[in-house]
Amino acid sequence: MANTFKEIKRKIRRKRLRIQREKLAQTGNGKHKKSVGKYMPDTMRRGLMIAAAAVALIFLVVLYIQKRSYHDYKILKTSEQEDTVSTNYAEMDGKILRYSHDGVSLVNKNLDTLWSETYDMQTPMADVCSGKAVIADKDGTSIRIYDKNGLTGSVTTSYNIVKAKVSKSGLVAAILDGGDDTWINYYSTDGSLIAENQTKIEDPGYPLDVSISDDGIIMMVAYQYVDGGETTSYVAFYNFGEVGQNDDDRIVSGFTYEGVVVPQIQCLSSHQAVAVRDDGFTLYKGRQIPKESQTIKVDKEIVSTFYDDETIGLVFKNDSKDKLYTMEVYSASGKMKFKKEFNIPYSTIRMSDGNILMFNSSQICVLDGKGNEKYTGTVDGDINDFFKIGWNRYLLVLDSGVNVIKFS
């Protein structure tokens, strides 16, 4: 009986010890969980603070770059052996297309030649779209088509060339003068004829400009004719896909503007286009059958226009002597981005890699896409051409040679 009693007491003590150990273990686990609970929020807090600081730093750097203006420039590369009088230059996808009456070459930012090709043209004119280019002999019959690797095709036309345009896909449209009639021909990248369209002065008019959509499906043409003594413009959209095969001359949509001159048109993408008018501009939307989406009209005389895939700019002359010009810049959707008065006696204004460039024979001015002035100053030498070829890299063509410059 005594042994039984002792055994019971021993079991009770063991049970108590086990309960105490379990309590201690639970208390320890609780403390560990509590410390882990404190540790995790601190880590997350520090991570969030670091991320926020990084975002803030990036924002400040971007803001600094956007708002920064320059007061000088540095010459990075120069070539004084160039015949800049008879040679023309164009930006081609970050490189430089250099062409003249006897040949063409593509050079990089260091002015190293990537490829070259000879030809014989009296008055070469070029059109570049992204990494594609066409060079045509104005009033001649020769067309050459190029990409970043060199020649892709050539054409000898039956009539004199008035204008030639290339698309991002490398397709080419050309306006040809046949005397009483004109022709608008459409060529593949290898120079083979896709389609030809004969037009008459009385219907639909004389073609002033032509453009091709990025995917090559739509060809846009601006015609002008006189109706009852009044100048009238007609903007036609040709569809060379399946949608246009059942329409007369493949014209899927057309728009008539009485008393309006439309000297410039541009397909901004595969589904958007613009017609620059003497009283503003009209936007069109539609990948297969473009339709009018918006018209911006102005009541001042337009003295200059400029545009790229995302921007349309108009310049008006002011009566004020302090500010000679007013610039209105719109997005491709027709929304005004900014309006700016300026006093630069420019001879050329253009969009170049998202920037607005203005220059005359001795001065250059660069604005960013928001109208912020990045640089304005004079240049030693007579300026023949000026355009952007990369981030803070510009090609400055002088009568004495060619310079690659950066602002500082």
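Mind listing which trypsin sites (Lys or Arg not before Pro) in segment 277-321 are in a DSSP loop and have 14 or fewer other Cβ atoms within 10 Å? Provide the component values of the computation, followed by the final result.
Numbers: sites: ARG277, LYS285, ARG287, LYS291, LYS297, LYS300, LYS317, LYS321; in loops: ARG287, LYS300, LYS321.
Those that pass, being in a loop and sparsely packed, are LYS300, LYS321.
Separation between the LYS285 and THR256 pseudo-spin-labels, each 7 Å from Cα along Cα→Cβ, expressed in nm?
About 2.7 nm, to one decimal.
State the percent of C-alpha pairs, over all pairs in segment 324-408, separated by a distance greater than 16 angstrom.
In whole percent, the long-distance tail amounts to 51.
What's the Cα-based Rg to Rh of the chain, Rh via Kirkwood?
Rounded to two decimals, Rg/Rh equals 1.31.
What angle, in degrees between 0 and 90 and rounded to the nearest 10, separates the Cα long axis of helix 2-67 from the longest principal axis of the Cα atoms of the chain?
Approximately 20 degrees, to the nearest 10.
Taking all pairs of different Cα atoms in segment 106-222, averaging 1/r and flipping that mean, what Kirkwood radius in angstroms comes out?
Result for segment 106-222 stands at 14.5 Å.
With unit charges on the beta carbon (Lys/Arg positive, Asp/Glu negative), name the residue among VAL166, LEU367, PHE387 whose Cα is farthest towards the positive pole of the charge dipole of the chain.
Sorting the options by dipole projection puts first LEU367.
Label-point separation (nm) for GLU310 and LYS148, each offset 7 Å from Cα along Cα-to-Cβ?
2.0 nm
Build a GNM of the chain with springs between Cα atoms under 10 Å: which of GLY205, GLY229, GLY170 gets the top mean-square fluctuation?
Residue with maximal mean-square fluctuation among GLY205, GLY229, GLY170: GLY229.
Please compute the length gained on full extension between ASP278 and GLN81, using 0.36 nm multiplied by the number of residues separating them and subtracting their Cα-Cα distance.
Using 0.36 nm per residue and subtracting the Cα-Cα distance, I get 66.7 nm.
Determine the calculated [θ] at 222 nm for the chain from helices alone, applying -39500 (n - 2.57) to every DSSP H run no shorter than 4 residues and normalising by the residue count; nearest 500 deg cm²/dmol.
Value at 222 nm, helices only, nearest 500: -6000 deg cm²/dmol.
Of the accessible area of segment 151-190, with the probe set at 1.4 angstrom, what percent is carbon plus sulfur?
Heavy-atom surface of segment 151-190 belonging to carbon and sulfur, 1.4 Å probe: 39 percent.
From Cα pairs below 8 angstrom and at least 6 apart in sequence, can you work out the relative contact order of the chain, rounded to a whole percent?
Contact order relative to length: 11 percent.
Hand me the tally of lysine pairs in segment 144-295: alpha carbons under 23 angstrom apart, and the pair either on different chains or 8 or more positions apart.
Eligible lysine pairs with Cα atoms under 23 Å apart amount to 9.
Considering the options GLY103, VAL210, TYR330, tell which one lies farthest towards the positive end of the dipole of the chain, charges being +1 on Lys and Arg and -1 on Asp and Glu at the Cβ, about the Cα centre.
TYR330
Find the accessible area per residue for the chain; the probe is 1.4 Å, ligands and nucleic acids are left out, and the unit is Å².
Per-residue value: 53 Å².
Report the residue, chosen from ASP308, ASP180, ASP93, that carries the largest GNM mean-square fluctuation when the chain is represented by alpha-carbon nodes joined by springs under 10 Å.
In this elastic network of the chain, the residue with the biggest mean-square fluctuation among ASP308, ASP180, ASP93 is ASP180.
Pulled fully out, how much extra length does the chain show between ASP42 and VAL243, if you take 0.36 nm times their separation in residues and subtract their Cα-Cα distance?
Taking 0.36 nm per residue and subtracting the Cα distance, the gain is 66.1 nm.
Remind me, relative contact order of segment 130-225 in percent, using alpha carbon pairs under 8 angstrom and six or more residues apart?
Contact order relative to length: 21 percent.
Show me the ranking of peptides 375-382, 95-102 by mean Cβ neighbours inside 10 Å, starting with the highest.
Order by mean packing, descending: 95-102, 375-382.
Restricting things to alpha carbons, tell me how big segment 250-408 is in terms of Rg and Dmax, in Å.
Gyration radius and largest Cα-Cα distance of segment 250-408: 17.2, 53 Å.
So which residue, out of TRP115, TRP391, TRP183, gets the largest mean-square fluctuation from a GNM of the chain using Cα contacts under 10 Å as springs?
Among TRP115, TRP391, TRP183, the largest mean-square fluctuation in the Gaussian network model of the chain belongs to TRP391.
Can you tell me how much longer the chain between LYS335 and THR378 gets when fully stretched, taken as 0.36 nm per residue apart minus their C-alpha distance, in nm with one decimal?
Between LYS335 and THR378, full extension yields 12.2 nm more.
Rounded to the nearest 20 debye, what is the charge dipole size of the chain about its Cα centre when +1 sits on each Lys and Arg Cβ and -1 on each Asp and Glu Cβ?
In total the dipole reaches around 7280 debye.
Kindly work out what percent of the DSSP beta bridges joining two residues of segment 160-224 are antiparallel, to the nearest 5.
95 percent
May I ask you to derive the FRET efficiency for ALA53 and SER408 from their Cβ-Cβ distance with R0 = 41 Å, giving the value to the nearest 0.05?
0.90
Under 12 Å between alpha carbons, and skipping anything fewer than 8 positions from LYS77 in its own chain: which aspartates and glutamates qualify?
By straight Cα distance, LYS77 reaches ASP112.
The values are calculated or read from the model by the stated rules, or taken from the named source; none is laboratory data. This one's a predicted model, so the numbers in the text were calculated from it and none came from an experiment. Don't worry about glycine lacking a Cβ; one is built from the backbone with ideal geometry, like all the others, and counts go over all protein chains shown. Quick note on the areas: whole protein, heavy atoms, side chains included, nothing else; ligands and nucleic acids left out. Shrake-Rupley method; radii C 1.70, N 1.55, O 1.52, S 1.80 Å.
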